[in-house]
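Heads up, the thing below is written out as structure tokens.
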Amino acid sequence: MKNIYLLLTLVGVMLTSTISDASAQRTPSYTINDHEYCDQHLTINVTQPCAHQDTTAPYKVGDYYNENGKQGVVFEVWDNGRHGKIVSLDKTVLQWCTHEQSDKGIALGLTNKSDGKANTDKVMQRGDSDQYLAFVWCRNKGADWYLPAFDELIAINSNNSAINSTLAEYNAELIKGYYWSSTEYEDDPKFCVWIVVMSSRAIPIGSKYYPNSVRAVSAF
């Protein structure tokens, strides 16, 4: 038993030294509970603190975004950059809707100027949604992609320089020219839609059947 006592004493000294060194280096701390021994056995319970969970780095306007299968360039942020909106890397040129559909003079009630997703959801719930070409192209990217509303296009235009700088880095086509919004023109919603001319202060309206540039938007 004398030998066992000496062994336990040495173990205790070694553990105390190790813990002191670890604390000085800010390594995980160890808690030694009351030991239980029988003959030559020593039981020591060691508890380590929980590891910190990784967090997504905050984004700023102009950053490249590539998470959860979505790629784009950030054009708006909130919540200290942990949430925001991106615009797609690619673009297309399409009619807002087909010429035949435009001739029908249908007002869809797309009055929202700040929420293109609400506008797009309303169109995609229609039985004739396939006739609204710009909306279909955006939604085909995924359920959370949509044709931007008027104010969202204004935000993109306001940050055009930072966005185009990132697009150029990824060999993507720059944002310029006439872009469709998803917001109908309130004075003539049957036939006209708000348009934003990128890199310009011009804000015209356009006939729904006329082809213009289209880029999709998504929130993160």
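The values are calculated or read from the model by the stated rules, or taken from the named source; none is laboratory data. Because the structure is a prediction, the values reported are computed rather than measured. Neighbour counts are summed over all protein chains in view; Cβ atoms, including those assigned to glycine, are modelled from backbone coordinates with ideal geometry.
Results, tabulated for the structure shown:
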| read-out | value |
| --- | --- |
| Check on residue 164, free of Cβ contacts under 8 Å to residues at least 24 places away in the same chain, under 25 Å from residue 70 (Cβ atoms), in a helix (DSSP H, G or I) and in the same structural domain as residue 87 (by TED's automatic domain parsing) | yes |
| Hits in the stretch 170-196 - residues which are surrounded by fewer than 17 Cβ atoms within 10 Å (Cβ to Cβ) and in a strand (DSSP E or B) | 177 |
| Answer residue from the stretch 75-131, given it is without any contact (Cβ under 8 Å) to a residue 40 or more places away in the chain and among the polar types (S, T, N, Q) and is farthest from residue 211 (Cα to Cα) among those | 80 |
| Residue within the stretch 68-90 that is closer than 23 Å to residue 196 by Cα, in a loop (DSSP other than H, G, I, E, B), basic (Lys, Arg) and assigned by TED's automatic domain parsing to the domain that holds residue 195 present | no |
| Index of the failed condition, residue 149 passing every other in (1) surrounded by 18 or more Cβ atoms within 10 Å (Cβ to Cβ); (2) in contact (Cβ under 8 Å) with a residue 40 or more places away in the chain | (2) |
| Hits in the stretch 142-161 (condition: in a helix (DSSP H, G or I) and out of contact with any Lys or Arg (no Cβ under 6 Å at 6 or more places or on another chain)) | 152, 153, 154, 155, 156, 157, 158, 160, 161 |
| Residue 137, sole failed condition from (1) of a type outside the set (Asp, Glu); (2) within 29 Å of residue 81 (Cα to Cα); (3) in a loop (DSSP other than H, G, I, E, B) | (3) |
| Residues (closer than 29 Å to residue 142 by Cβ and modelled with pLDDT under 95) located in the stretch 186-202 | 199 |
| Flag for residue 209 being surrounded by fewer than 22 Cβ atoms within 10 Å (Cβ to Cβ), outside any helix (DSSP H, G or I) and touching a Gly at 6+ places or on another chain (Cβ under 9 Å) | no |
